[in-house]
Protein chains: 2
Amino acid sequence: MSEGETKRPKRRRAGGRAANLRGKGAAIAQLPWSLPVNPDRPTEPLGEDGIAAIHNGAMRILEEIGIEFLHPEALEILAAAGCEITDENVRMERDFVMAQLALVPASFTITPRNPERRIEIGGRRVVFGNVSSPPNCSDLERGRRAGERESFRDFVKLTQYFNCIHFAGGYPVEPLDLHPSVRHLDCLYDKLVLTDKVVHAYSLGKERVEDVMEMVRIAGGLTWREFEEAPRMYTNINSTSPLKYDHPMLDGAMRLARRRQPTLVTPFTLAGAMAPVTIAGAVAQSLAEGLAAIVLVQLVSPGCPVVFGSFTSNVDMKTGAPAFGTPEYMRATQISGQMARYYGLPLRASNACAANCADAQAAWESAFSLWSALSAGAHMVYHAAGWLEGGLCASYEKFVMDCETVQQMIAYMKPVGTTEADIAFDAVKEVGPRGNFFDCAHTLERYETAFYSPFLSDWSNFENWREAGAVQTPERATRLWKKILAEFEPPPLDPAIAEELAAFVARRKDEGGAPTDY
Amino acid sequence: MSEGETKRPKRRRAGGRAANLRGKGAAIAQLPWSLPVNPDRPTEPLGEDGIAAIHNGAMRILEEIGIEFLHPEALEILAAAGCEITDENVRMERDFVMAQLALVPASFTITPRNPERRIEIGGRRVVFGNVSSPPNCSDLERGRRAGERESFRDFVKLTQYFNCIHFAGGYPVEPLDLHPSVRHLDCLYDKLVLTDKVVHAYSLGKERVEDVMEMVRIAGGLTWREFEEAPRMYTNINSTSPLKYDHPMLDGAMRLARRRQPTLVTPFTLAGAMAPVTIAGAVAQSLAEGLAAIVLVQLVSPGCPVVFGSFTSNVDMKTGAPAFGTPEYMRATQISGQMARYYGLPLRASNACAANCADAQAAWESAFSLWSALSAGAHMVYHAAGWLEGGLCASYEKFVMDCETVQQMIAYMKPVGTTEADIAFDAVKEVGPRGNFFDCAHTLERYETAFYSPFLSDWSNFENWREAGAVQTPERATRLWKKILAEFEPPPLDPAIAEELAAFVARRKDEGGAPTDY
């Protein structure tokens, strides 16, 4: 008998694990909150020579070409530390760079307003965050549209709802109906009220950064001194590849560093466009850019936590369009992981795809991105849920689908037991060649928790699937996000704190918010 | 600037790599035929203790419980070798087992009628085969239906067409319109005429096995002596878990062994149904079953090539339905890889999924299966293209989609260069902080071959994708398989050999083919 001919066992019991976890108003049965530990040795595309070659390339860029820092104060700090400055170009010696990198903590925690949602960055931990910054959003019922506050709030609720999403990254969709001068105030208010997970500040001008830090401080019920005692939030900055940092990015990183808050430094190096067409060259440039900003942060605040973000991919050489989840993307991510470990830096990666709808291409590109993140030893996976169209659209359905695959990755990271009970010799002996394991004691003791139970996959056979309407994955996801949003309850928040946050927002709006000509 | 806001570079040149590879009647631009080398260290969920525990479990099953061999001659051979036999139950000591396993070659080749399509099994090689044995097939235009010869031939043509599919496994769909007594004759005739890749014989009775061996011998223009000099084809056998081998499976393996042709031994151990509910237990049982048949093959023909097939997955404990590409499936595959290396056996894995249509779930389950196969160090990936519905349906669209992801895995396995030219210091210096890399010499010298170019992914932006009809992945796949089949040309075959094959088929049909009461 070949495997294709094997009969499926008959349905034997209703309910089971998933049913047990339902109820109590939970829209779906999901894994509990946890901080996953990645037990696998990272995949290492490069040997020691390859690592040395990329390191040398990055160092030569820093020593001989230099990085532009479009920020006078940053230039002063770098000059004072002995860097060679020509106009806005900064060159630094490798020994100096390595000495600053040695100050970076290998791991750290970020504690949001709910201390139970504290995340750990580093070691073998890996945490996942929502899609960040798309200008558009879409769902199957309303189609694709420019982002607005209602959708923004929906995605924040999904971020809060799913236990596999550990932190709230940038805006899951840009609420373009909110004026840029006050958008950060309304958005952070929503985020701090609708979630109790780690939040982030965009480095888009001093007012925004200072406002967000203050709001996070208020939400946590902290004094400034308490706020600065440990990481409470973070920012993410991107270089303007090739070889340049714009003012707001550097300014934000420096402001957070002064309050001991972490910065993720993520060069967006598209090989063949903003970086060399070779993977090794693109990663070397990305490292040079990333390390330069990390050095600045260490000069401002020695030992301040930072993360190196890998975002090297390739473009379609026929059209120039960026691609994600490609073979080159996977290898670049893994090599960035090797280099991050070489420098002792925590690593950020992403769950990205180029697909325009939540179809099979989106799923395989995202699966490959996720795989590369885990096999790279990434500590933070950005854009883990909801990303479509190369980051230009947040999809409600994709968010739910991604949470399914992220959950599967979390289950995959659970260690496999090999105790005597796991080996199950007695069960095999009991069942023998003429039985099956459905009803043996060994199974009955374990069946409720033995296997990961998906909330979105449909494992019914074709006939049952067709009779139930042949519902495909995105349509199943639509049902789920509607149910989740309908039943959503925000996490507890002291009314006095909510009031203080609202008053802060009102005052800052009265003051005009942030300038929009940054 | 956050990455979501980054502008996509404009289209800059028409054509490019993919365009260059088109033409000459090739329906799509695909990678050339190659035997990929997997450069990565396998993922190892277990430490030495875990390996020892599973080994001990498998050995205790063989020593203390035993495996049923429903084949009198097999029982005689095993008894003569010193195994302990009770009725049809065979127990064997671990030292004896390990001595037989020591005879298994670590790697071998299989040479089909076209020696240029020879495949290598073992070492760091990995080869991919088509979906095998579904009773149904489907495509978006004609829907789902029972398999028939026309569809069988279509899938054989797709198997031949795609260079990333290295061998023709079992029937890619069962042609149920052909009578079982003669089905193997027509099927092998089609396979040997429409492909020049490695083929397989079902172990479903002596006539079928002997007929297929003879047809492969004729197709290769070989004498029997030449046929037996090296592997020319293979069979795959499944245990009837738990702990049993049916007559036809053992008979086929023994017939091939006598002619020095390889057998893949693939226990289909569904944890919680046909095997213990624990991964370690299911793998231990699967090994006991697999090793028992491998021992038999070695007794019949010492040193004959064999492959251990991993096919351990879990069932949905709510319904009993088998699941594939799950976290447990991935770990079971990787652990099977560790154990196969422990025993010095080449490994087979699969690209399986439970989904009922070629949607996102199918893609992520398949991506996870593929990932687990590669990270397990598998040497043969069965069902690599076309599998749906837990193996009950061969999908035309899924076949094309899978070839896209298999190609991406092949590109992923290409080593990453870190020469001075790869590091691209001079290009970075030339471009500097105000340029881009589109038109620099370093890019222009490499852009045609720098990146993997997909044939199915759509990387256009949303507006272009929508204007072009918002075509989703399966519909794009439909266009491709129609084009491939319309343009298909069978590989060259000496007309005298084709005539000899046809005459053999006619004679064997006159003789009544094979009995159908096996």
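The values are calculated or read from the model by the stated rules, or taken from the named source; none is laboratory data. The structure presented is a predicted model; accordingly, all values stated were derived computationally and were not measured. Cβ sites come from the backbone with ideal geometry, for glycine too, and all protein chains shown count toward neighbours. Ligands, DNA and RNA are stripped out before the accessible areas are found, and what is left, the full protein with its side chains, is counted by its heavy atoms. Shrake-Rupley method; radii C 1.70, N 1.55, O 1.52, S 1.80 Å.
Remarks
- Inter-chain Cβ neighbour count for B:448-458, averaged per residue, equals 6 (cutoff 10 Å, partner chain atoms only).
- In this Cβ point-charge picture (+1 for Lys and Arg, -1 for Asp and Glu), the range B:311-454 has a dipole of about 520 debye about its Cα centre.
- Accessible area ranking (1.4 Å probe, heavy atoms, ligands and nucleic acids excluded), largest first, for A:D49, B:D196, B:D439: A:D49, B:D439, B:D196.
- Label points for A:S107 are taken 7 Å from Cα along Cα→Cβ. From this copy to the others they lie 3.9 nm apart, shortest first.
- Taking a ≥ b ≥ c as the square roots of the eigenvalues of the Cα gyration tensor, the protein assembly as shown is prolate, since a/c reaches 1.5 or more and a/b is larger than b/c.
- Beta bridges per DSSP, both residues in the protein assembly as shown: antiparallel share near 40 percent.
- Label spacing, shortest first and in nm, from A:G344 to its equivalents in the remaining copies (7 angstrom along Cα→Cβ): 4.5
- Distance (nanometres) between label positions extended 7 Å along Cα→Cβ at A:D177 and A:E228: 4.0 nm
- When nucleic acids and ligands are ignored and a 1.4 Å probe is applied, B:E44 ends up with an accessible area of around 90 Å².
- Spin-label proximity, A:W33 to the range A:162-199 - amide N less than 18 Å from point 7 Å beyond Cα toward beta carbon: A:162-169, A:191-199
- Antiparallel DSSP beta bridges within chain B, percent to nearest 5: 40 percent
- Using a 1.4 angstrom probe on protein heavy atoms only, the contact between A and B buries about 12300 square angstrom of accessible area, both sides summed.
- Dividing the helix sum by the residues of the protein assembly as shown, where each DSSP H run of 4 or more adds -39500 (n - 2.57), gives a mean residue ellipticity at 222 nm of -12500 deg cm²/dmol.
- In the protein assembly as shown, a dipole from Cβ-located charges (positive for Lys and Arg, negative for Asp and Glu) runs towards its positive end, and of B:A352, B:S375, A:V198 it is B:A352 whose Cα lies farthest in that direction.
- Cα-based helix-to-principal-axis angle, A:495-510 vs chain A, degrees rounded to 10: 40 degrees
- Residues A:D510 and B:A52, FRET efficiency given R0 of 56 Å [Cβ-Cβ distance, rounded to 0.05]: 0.20
- The range B:211-370, dipole about Cα centre (Lys/Arg Cβ +1, Asp/Glu Cβ -1), debye to the nearest 20: 360 debye
- Seen against the Cα atoms of chain A and their longest principal axis, helix A:206-219 is set at about 50 degrees.
- Figure note: B:E430, B:E463 ranked by solvent-accessible area, largest first, 1.4 Å probe, ligands and nucleic acids not counted: B:E430, B:E463.
- Against the criterion of solvent-accessible heavy-atom surface with a 1.4 angstrom probe, A:V37, B:V156 sort, most first, into A:V37, B:V156.
- For A:K429, label point 7 Å along C-beta direction: distances to other copies, nm: 7.3
- Threshold 40 Å², the range B:275-303 residues less accessible with all protein chains present than alone (1.4 Å probe): B:P276, B:V277, B:T278, B:A280
- Two-site label geometry, A:E64 and A:D95: point separation in nm, points 7 Å out along Cα→Cβ: 2.0 nm
- Cβ charges +1 (Lys, Arg) and -1 (Asp, Glu), total dipole of the protein assembly as shown, debye: 720 debye
- Longest exposed-site-free window of chain A, the sites being trypsin sites (Lys or Arg not before Pro) in a DSSP loop that have at most 11 other C-beta atoms within 10 Å: A:143-518
- The range B:400-431 versus the range B:40-89: alpha-carbon centroid distance in Å: 44 Å
- Mean separation of Cα pairs under 8 Å and 6 or more residues apart, divided by the residue count, gives chain B a relative contact order of 19 percent.
- Averaged over the residues of peptide B:347-355, the number of Cβ atoms from other protein chains lying within 10 Å of each residue's Cβ is 2.
- Average beta carbon contacts from partner chains per residue of A:398-410, 10 Å cutoff: 2
- For the range A:116-168 versus the range B:219-275, the spacing of their alpha-carbon centroids is 50 Å.
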